[in-house]
1. Across region 59-87, what is the total count of residues that are touching a Phe, Trp or Tyr at 6+ places or on another chain (Cβ under 8 Å) and aliphatic (A, V, I, L, M)?
2. For region 51-67, what are the residues that are more than 20 Å from residue 154 (Cβ to Cβ) and open to solvent by less than 50 Å² (accessible area, probe 1.4 Å)?
3. Can you tell me which residues in region 55-77 are touching a helix residue (DSSP H, G or I) at 6+ places or on another chain (Cβ under 6 Å) and modelled with pLDDT of 95 or more?
4. Go through region 17-50 and give me each residue that's open to solvent by 70 Å² or more (accessible area, probe 1.4 Å), at pLDDT 95 or above and not charged (D, E, K, R).
5. Specify the residue that is farthest from residue 72 (Cα to Cα); the eligible residues are those in region 113-146 that are open to solvent by 30 Å² or more (accessible area, probe 1.4 Å) and within 14 Å of the chain's Cα centre (by Cα).
6. Quick one: which residue in 136, 88, 101, 80 is of a type outside the set (Phe, Trp, Tyr), in contact with a helix residue (DSSP H, G or I) (Cβ under 7 Å, 6 or more places away or on another chain) and under 26 Å from residue 61 (Cβ atoms)?
7. Any idea how many residues of region 135-154 are acidic (Asp, Glu) and in a strand (DSSP E or B)?
8. Within region 100-122, which residues are within 25 Å of residue 141 (Cβ to Cβ), modelled with pLDDT of 95 or more and small (Gly, Ala, Ser)?
Amino acid sequence: MKISRGFTRLVLVMLTGLLLATAVSASEVTERNKQIVKLQAQAYNDRDLDLLAQTTAEDLLRHCQATPDIQVESLDDFIAFLKSDWEAIPDAVLTITQMVAEGDKVAVFATYQGTQSGPMGPFPPSNRTASLDLIAIFRIENKKVAEIWVTWDNLAFLSQLGHFSPPQEG
């Protein structure tokens with residue numbers, strides 16, 4: 001069976017179109033994933049638990065070296081964690097300053113700022129305002145955040161709140 005050049009060209013054009021359509025779809029998925037993370041930040045800042053639930057998987061996993069005693073293995077755990085954070089720092093605001101996405105992952109560099117007017121773990125209210133930079137990576141699955149890796153400098157944050165004094169030199 002002989003295949004004509006015209007047929008071969010047609011197949012190549014169709015395959016090229018399919019590949020380009022897939023690339024656009026991947027780009028659209030990446031943009032959608034970034035939007036999901038932006039909505040998570042909005043939900044945090046607005047204390048909107050409904051929006052948080054819409055953008056978070058029921059079996060969310062959170063990994064954080066800065067808070068090793070806090071285990072988040074579900075949406076309910078995450079909500080409990082956030083509520084305790086809001087009680088300690090009721091005016092806390094999360095501001096995303098940089099965002100990069102690839103595949104199912106979205107990475108952010110963000111600033112967290114607020115005044116500690118409630119107890120925070122073993123630390124009593126300081127009524128001081130603190131600001132910290134944090135880095136987080138979100139894994140998106142089925143249009144929801146399924147996993148978070150987050151880290152920040154706890155000592156810098158606790159120092160700003162007056163709970164930690166660096167050792168004196170000399």
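1. 5
2. Of all residues in region 51-67, those more than 20 Å from residue 154 (Cβ to Cβ) come to 51-61.
Result: 51, 52, 53, 55, 56, 57, 60.
3. 55, 56, 58, 60, 72
4. Within region 17-50, 35, 42 meet the criteria.
5. The residue in question is 133.
6. Numbers: 136 fails: in contact with a helix residue (DSSP H, G or I) (Cβ under 7 Å, 6 or more places away or on another chain); 88 fails: in contact with a helix residue (DSSP H, G or I) (Cβ under 7 Å, 6 or more places away or on another chain); 80 fails: in contact with a helix residue (DSSP H, G or I) (Cβ under 7 Å, 6 or more places away or on another chain).
Result of the check over 136, 88, 101, 80: 101.
7. Quick first cut of region 135-154, residues acidic (Asp, Glu) only: 141, 147, 153.
Filter again for in a strand (DSSP E or B), leaving 141, 147.
Qualifying residue count, region 135-154: 2.
8. 101, 107, 110
The values are calculated or read from the model by the stated rules, or taken from the named source; none is laboratory data. These figures come from a predicted structure and were not determined experimentally. Using ideal geometry, Cβ is built from the backbone for each residue, glycine included, and neighbour counts are taken over all protein chains shown. Heads up: the accessible areas ignore ligands, DNA and RNA and are worked out on the full protein's heavy atoms, side chains in. Shrake-Rupley method; radii C 1.70, N 1.55, O 1.52, S 1.80 Å.
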